[in-house]
Amino acid sequence: MINLIGTYECKADAKGRLMMTSAFKKQLAPVLQEGFVVKRAVFQPCLELYPMKEWNLMMEKINKLNRFVKKNNDFIRRFTAGVKVVEMDASGRILIPKDLCHFAGIQKQVVLSSAVNIIEIWDKDKYEKAIDDAAIDFADLAEEVMGNTDVDELS
């Protein structure tokens, strides 16, 4: 499993290409050749960039769902809606498809933010608003999510 670290700003060109930061390129070096999957985020107006190995692990989990249960089938359809395989070109750029740029509202200024084993791709203004909105609730959220866990449970 990859553990990515960092939040970086970059620019998208008119074609939707993003220059991957050197810090992420170094962290992703072992898996760069395998490619990536980019998809719509579930809870936020951003995109998620999965290294192919991480995507395959997610698909293993999802493949265990019983597709004869309607809500499972609906979830799979929505989770995989708009999914695209992307690769980094020789210049270190990733081409984000137009429909996904539109979904995330990506214009020119972009934020790449690590989310454990994936990278979130945000329009900079939307990212800053999401962080500002979340700051108010973060203390309560941290206590609710992490406050009742035993340190041994996390390892």
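Results, tabulated for the structure shown:
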read-out: Hits among lysines - C-alpha to C-alpha of LYS53 under 25 Å, sequence gap 8 or more where chains match; value: LYS25, LYS26, LYS39, LYS61, LYS64, LYS84, LYS98
read-out: Three-way shape label, the stretch 71-113, alpha-carbon gyration tensor, a/c 1.5; value: prolate
read-out: For VAL86, residues with placed amide H under 5 Å, excluding near neighbours; value: PHE36, VAL37, VAL38
read-out: Net charge over other residues, Cβ less than 13 angstrom from the Cβ of LYS71 (K, R count +1; D, E count -1); value: +3
read-out: Alpha-carbon spread of the chain, three principal axes, descending order, Å; value: 44, 40, 30
read-out: Electrostatic dipole magnitude of the chain [Cβ: Lys, Arg +1; Asp, Glu -1; Cα centre; debye, to 20]; value: 1100 debye
read-out: Ranked by how many other beta carbons lie within 10 Å on average, peptides 93-104, 56-67 from highest; value: 93-104, 56-67
read-out: Peptides ranked, highest mean first, by Cβ atoms within 10 Å: ranges 69-75, 8-14, 108-114, 44-50; value: 44-50, 108-114, 8-14, 69-75
read-out: Among ALA14, VAL111, ALA41 - extreme Cα towards positive end, dipole of the stretch 1-113, charges at beta-carbon; value: ALA41
read-out: Phi-based couplings in Hz for the stretch 97-104 (Karplus 6.51, -1.76, 1.60; Gly and Pro marked x); value: x, 3, 5, 6, 4, 5, 4, 8
read-out: Accessible area (Å², per residue) of the chain, counting only protein heavy atoms and a probe of 1.4 Å; value: 64 Å²
read-out: Computed helical MRE - 222 nm, the chain, DSSP H runs ≥ 4 contributing -39500 (n - 2.57), nearest 500; value: -12000 deg cm²/dmol
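The values are calculated or read from the model by the stated rules, or taken from the named source; none is laboratory data. Keep in mind the model is a prediction, meaning the values are calculated, not measured. Cβ sites come from the backbone with ideal geometry, for glycine too, and all protein chains shown count toward neighbours. SASA here: full protein model, heavy atoms, side chains in, ligands and nucleic acids out. Shrake-Rupley method; radii C 1.70, N 1.55, O 1.52, S 1.80 Å.
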